[in-house]
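The values are calculated or read from the model by the stated rules, or taken from the named source; none is laboratory data. These numbers were taken from a predicted model, which means no experiment stands behind them. Here the Cβ is made from the backbone with ideal geometry for all residues, glycine too, and neighbour counts use every protein chain on show. These accessible areas exclude ligands, DNA and RNA; they are computed on the full protein's heavy atoms, side chains included. Shrake-Rupley method; radii C 1.70, N 1.55, O 1.52, S 1.80 Å.
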Amino acid sequence: MATAQVIFRKVVGVLRRPDYFFVLIAAILGFVVLALVPPLQVPDEIGHFSRAYALSELNFRQDNLSTGSGAHLPTAIGQFEEMVSRDNLPNLYTAKYTPDTARRAMAIRVTPERTDRMFVNLAAYSPVAYVPQATGIAVARLFTSRIGVMFYAARICNLLFFVGLCYAAIRLIPVGKWLIAAVLVSPMVVFLAGSLSADVSVFVYTTLLIAITMYLWTRTPPQIQTRWWVILGIVACVLALSKQAYIVFVPFVALLLVRRTKQFRWRTSQLYASRILPVLLVFLSVVVAYIGWTYVNQSTDADTSLIQRANGFAVNPEEQLRKVTSDPLYAVSTVASTAVGQASDETFQSMFGSFGRLNVNLPMWAIGMYVVVLLLFVGYVSQANASLLVQQRTLALIIAGVLVAVCSLGIFVSLLLVWTPVGAESVAGIQGRYFIPCLLLLAPGVVGVYRHTLRLRYLILPMTIVHLSMCILLIDRYYGFFT
């Protein structure tokens, strides 16, 4: 009994640290989701698998195929997709993932036969978003030819990449540790972390960019070594290349140009050499990397509107651009109706709990409970130095708020141009997961705006209830144990 009590107290002590709490919850829940969700039941997962497989063969750029942008890949990928999607599993709620289907899918082997596979809307993503997944596939290929084993190896590597680097970021960041940890273990983030989604790279690199910037801004003494500038530049580049819309987050590093305390003063020469020049070099490296990938990608047919046309939607980016420029009010009304109209409810739902192919929805009571938990973590400041001074917090919030607004507008406008039929009343393709990185960017500026005295256990308990409801929902959807 005494030994059990000691172990229990040690576990509770571990959970009181936000970095350890994140690792424990993200790893356990991530592997549960990874095992529960059948293959290719995550948005665009077949495309992500195809891109990662091509990268595992050191094919860093897509080819021009007769049907668009893609690669010449093993036919086993198509056979695997057909098997795991039998009985219309992705779209039919009554269809279940049976042991027979799993056994047949895992028995499929890679053969010399190959066929063309299109990347379509994923063609614009650079290879950096698929390095963890490709690593898993490359390692699995050394030991087996089973395509299913390669698929799960890619999922495992993507999850380990997420847990490991986000753990490092939470340890590093001086403010908002609990709030960022709570965002990173939210149901939708963990669901994607247990998949092959390229969104995982965006979550990781956004968190790292915020953590490094805040650490360097608040550290004492304020001098920054060259190695930190190099690391910051690399993180900024890979974030911009993971998904191009999030390049607007990079100016967050401009916070390093601002004096944190009145006691610290720069001479003009010191300011230029120690801050202005390195920040400009970070921006320049991001611009060069972004333009370089854009130039390389222009040589292939990476038209994201192809998939919409294939589904019968009248998407024409050129014509849509002419309509927007000739009638700006159309663009304003379309974006506004999507942001605050009926589509906003779906966007909010998919930010916290739209699983499967966005057709397995977490109950609204669970989503509401998790939102309340996040708001409570805003005021959960357990240490005297865990929040910024009012002036510092306001500055961080203003910079983050402007970048979030620009990023959100960019997402709406880009989808309006390349994903929305001409003349539509709302923007097509908007999903709440696109805005999760915005929550991370806002976290350092909002944490500590108010404080409460609730104990940590009262915040973790509702999180646990939401996570359990998520697992029960996935089990019922794909295996039917509760119906």
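Answer yes or no as to whether Arg86 is modelled with pLDDT of 90 or more and open to solvent by 60 Å² or more (accessible area, probe 1.4 Å).
Spelling it out, it is not the case that Arg86 is modelled with pLDDT of 90 or more and open to solvent by 60 Å² or more (accessible area, probe 1.4 Å).
Pick from Leu439, Leu409: which is open to solvent by 30 Å² or more (accessible area, probe 1.4 Å), assigned to a helix (DSSP H, G or I) and within 14 Å of Ala245 (Cα to Cα)?
One residue alone meets the criteria, Leu409.
Under 8 Å between Cβ atoms, at least 6 apart or on separate chains: pull out the pairs that start in the stretch 365-392 with a residue that is assigned to a loop (DSSP other than H, G, I, E, B) and end on any residue that is modelled with pLDDT of 85 or more and among the basic types (Lys, Arg).
Ala386/Lys177
Out of everything in the stretch 347-364 that is touching a residue at least 24 places away in the same chain (Cβ under 8 Å) and assigned to a helix (DSSP H, G or I), what residue ends up being farthest from Ile430 (Cα to Cα)?
The qualifying residue farthest from Ile430 (Cα to Cα) is Phe352.
Of the numbered conditions (1) touching an Asp or Glu at 6+ places or on another chain (Cβ under 7 Å); (2) within 21 Å of Ser197 (Cα to Cα), Ala428 satisfies every one except a single condition; which is it?
Failed condition: (1).
Collect the residues in the stretch 222-267 that are open to solvent by 50 Å² or more (accessible area, probe 1.4 Å), modelled with pLDDT under 90 and in a helix (DSSP H, G or I), keeping them in residue-number order.
Correct list: Thr226, Leu257.
Please count how many residues of the stretch 217-248 are within 24 Å of the chain's Cα centre (by Cα) and not aromatic (Phe, Trp, Tyr).
18
For Arg109, are the conditions met, namely being open to solvent by 40 Å² or more (accessible area, probe 1.4 Å), modelled with pLDDT of 90 or more and touching a helix residue (DSSP H, G or I) at 6+ places or on another chain (Cβ under 7 Å)?
So Arg109 fits the description; yes.
Just to check your reading of the model, which residue among Leu29, Leu36, Leu58 is open to solvent by 20 Å² or more (accessible area, probe 1.4 Å) and either touching a residue at least 24 places away in the same chain (Cβ under 8 Å) or within 19 Å of the chain's Cα centre (by Cα) (or both)?
Every option except Leu36 fails the conditions.
Go through the stretch 89-106 and give me each residue that's out of contact with any helix residue (DSSP H, G or I) (no Cβ under 7 Å at 6 or more places or on another chain), farther than 30 Å from Glu57 by Cβ and open to solvent by less than 60 Å² (accessible area, probe 1.4 Å).
Thr98, Asp100 - these are the residues of the stretch 89-106 that are out of contact with any helix residue (DSSP H, G or I) (no Cβ under 7 Å at 6 or more places or on another chain), farther than 30 Å from Glu57 by Cβ and open to solvent by less than 60 Å² (accessible area, probe 1.4 Å).
Quick one: Thr420 ticks every box in (1) among the β-branched types (Val, Ile, Thr); (2) farther than 30 Å from Ala35 by Cβ; (3) modelled with pLDDT of 85 or more; (4) open to solvent by less than 20 Å² (accessible area, probe 1.4 Å) except a single one, so which number is it?
Checking Thr420 against (1) among the β-branched types (Val, Ile, Thr); (2) farther than 30 Å from Ala35 by Cβ; (3) modelled with pLDDT of 85 or more; (4) open to solvent by less than 20 Å² (accessible area, probe 1.4 Å), the one that fails is (3).
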